[in-house]
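Chemist: Questions regarding the structure given below will be posed in turn.
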Amino acid sequence: MAEYKDSDFLETADSGTLKLIARTRELTREYYFSDYEDTEKREAILRELLGGIGENVEIDTPFHCDHGNNIFLGNDVIIGINCTFVDNAEIRIGNRVLIASNVQFYTSSHPVLSKERLVDDWKEKGATFFRTYARPIEIKDNVWIGGGSILLPGVTVGENSVIGAGSVVNRSIPANCVAVGNPCRVIRTLEEEA
């Protein structure tokens, strides 16, 4: 394997990971069916589910994640309907962040070359038949991510930036800009009004 080392890959089918995913599914289901007005119960579920959560956080349902404990949310965060967080690595979201509906965060991926992606003797190793790696995603303060956007492993979105609806963010986006498209590109620099 030219591009990857064995230490780059995650074991996604070990018993500890599978138990964590099962518990996460229970908590997201409980959150989904909780009374929207029972804010105390909903907050308690999120505090158990997530790695860290600030004040004034609203997560609409349905909400999907793999581990939950790799998701860290700042203060004043809104996450819209039907968002998915594949959190094999950390997803860190700053303060005053708006995430529209159907946004997807993918920290994990697989090698492109099949000889690097697939494991020939996977049954003997007691592993999965494929290799997975993960890179963290970070969203800085004051960011707005438009509906249906997809954020890929290892990206950072800088402070005050806006990601246009339907964008595929495959590389980091600097602070103070509007970026859109597939692949996502900066189309405008923002200057705060005095």
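Each value in this text was obtained by applying a stated rule to the coordinates, not by laboratory testing. All values derive from a computational prediction rather than experimental measurement. All Cβ positions, glycine included, derive from the backbone under ideal geometry; neighbour counts span all protein chains shown.
Chemist: Check which residues have an amide H placed less than 5 Å from ILE71's amide H, if you skip close sequence neighbours.
Modeler: Amide H neighbours of ILE71: GLY51, GLY52, ILE91.
Chemist: What length, rounded to one decimal in nm, is gained on full extension from THR128 through to TYR4, with 0.36 nm per residue of separation minus their alpha-carbon distance? Could you put the intermediate results ahead of the total?
Modeler: Numbers: separation 124, 0.36 × 124 = 44.64 nm, distance 1.73 nm.
Additional length available on full extension: 42.9 nm.
Chemist: Show which aspartates and glutamates lie in cross-link reach of LYS5 when reach means a straight Cα distance below 19 angstrom and same-chain residues fewer than eight apart are skipped.
Modeler: The reachable aspartates and glutamates, counting only those whose Cα sits under 19 Å from LYS5, are GLU116, ASP120, ASP121.
Chemist: Name the longest site-free stretch of the chain, where the excluded sites are trypsin sites (Lys or Arg not before Pro) in a DSSP loop with no more than 14 other beta-carbon atoms within 10 Å. List each step's numbers first, then the result.
Modeler: Values: sites that count: LYS5, ARG171.
Between exposed loop sites, the widest span is 6-170.
Chemist: Here is a further query. May I ask you to evaluate 6.51 cos²θ - 1.76 cosθ + 1.60, the Karplus curve with θ = phi - 60°, for each residue of the range 115-126 and list the ³J(HN,Hα) values in order in whole Hz, giving x for glycine and proline?
Modeler: 5, 8, 7, 9, 10, 5, 9, 4, 5, 5, 7, x
Chemist: What dipole magnitude, in Debye to the nearest 20, does the chain give about its Cα centre under +1 on Lys/Arg Cβ and -1 on Asp/Glu Cβ? Working shown, then result.
Modeler: Details: 20 positive and 30 negative charges, 144 e Å.
It comes to approximately 700 debye.
Chemist: OK, next. Considering amide H positions built from the backbone, and no H for Pro or chain starts, which residues 5 or more places from GLU11, or on another chain, come under 5 Å of its amide H?
Modeler: Distant-sequence amide H within range of GLU11: zero hits.
Chemist: Determine the dipole magnitude for the range 22-92: charges of +1 sit on the beta-carbon of Lys and Arg, -1 on that of Asp and Glu, nothing else is charged, the reference point is the Cα centre, and the result goes in debye to the nearest 20.
Modeler: Magnitude of the dipole: close to 300 debye.
Chemist: Which chymotrypsin sites (Phe, Trp or Tyr not before Pro) in the range 31-130 pass both tests, a DSSP loop state and at most 14 other beta-carbon atoms within 10 Å? Before the final figure, lay out the partial values.
Modeler: Details: sites: TYR31, TYR32, PHE33, TYR36, PHE63, PHE72, PHE85, PHE105, TYR106, TRP122, PHE129, PHE130; in loops: TYR36, PHE129.
Listed in order of number, the matching sites are TYR36, PHE129.
Chemist: How much net charge surrounds ASN82 when only other residues with a Cβ under 15 Å from its Cβ are counted (Lys, Arg +1; Asp, Glu -1)? Walk me through the numbers before you get to the answer.
Modeler: Details: positive: ARG29; negative: GLU58, ASP60.
Net charge around ASN82: -1.
Chemist: For the chain, compute Rg over Rh where Rg is the Cα radius of gyration and Rh is the Kirkwood radius from the inverse mean 1/r over Cα pairs.
Modeler: Working: Rg = 17.8 Å, Rh = 17.7 Å.
Reported Rg/Rh, Kirkwood definition of Rh: 1.01.
Chemist: Amide H to amide H under 5 Å from ILE150: which residues, 5+ apart in sequence or cross-chain, H placed 1.01 Å off N in plane?
Modeler: Here GLN104, SER167, VAL168, VAL169 satisfy the definition.
Chemist: Determine the relative contact order of the chain: mean sequence separation of Cα pairs under 8 Å and six or more apart, normalised by residue count, in whole percent.
Modeler: Working: 488 pairs, mean separation 27.4, N = 194.
This gives 14 percent for the chain.
Chemist: Another question about this same structure. How large is ³J(HN,Hα) for each residue in the range 170-182, as worked out from phi by the Karplus curve 6.51 cos²θ - 1.76 cosθ + 1.60 (θ = phi - 60°), to whole Hz, x for Gly and Pro?
Modeler: 10, 8, 5, 10, x, 6, 6, 8, 10, 10, 9, x, 9
Chemist: To continue, here is another question. Just to check I understand the Karplus step: with θ = phi - 60° and J = 6.51 cos²θ - 1.76 cosθ + 1.60, what whole-Hz values come out for the range 29-44, glycine and proline as x?
Modeler: 5, 4, 5, 4, 8, 6, 5, 4, 7, 8, 4, 5, 5, 4, 5, 4
Chemist: Looking at the range 76-194, send over the antiparallel percent of its DSSP beta bridges, to the nearest 5.
Modeler: Details: 7 of 29 bridges.
Among the beta bridges of the range 76-194, antiparallel pairing accounts for roughly 25 percent.
Chemist: Please report the relative contact order for the range 24-116, taking Cα pairs under 8 Å with a sequence separation of at least 6, and give it as a percent rounded to a whole number. Before the final figure, lay out the partial values.
Modeler: Values: 180 pairs, mean separation 20.4, N = 93.
Relative contact order of the range 24-116: 22 percent.
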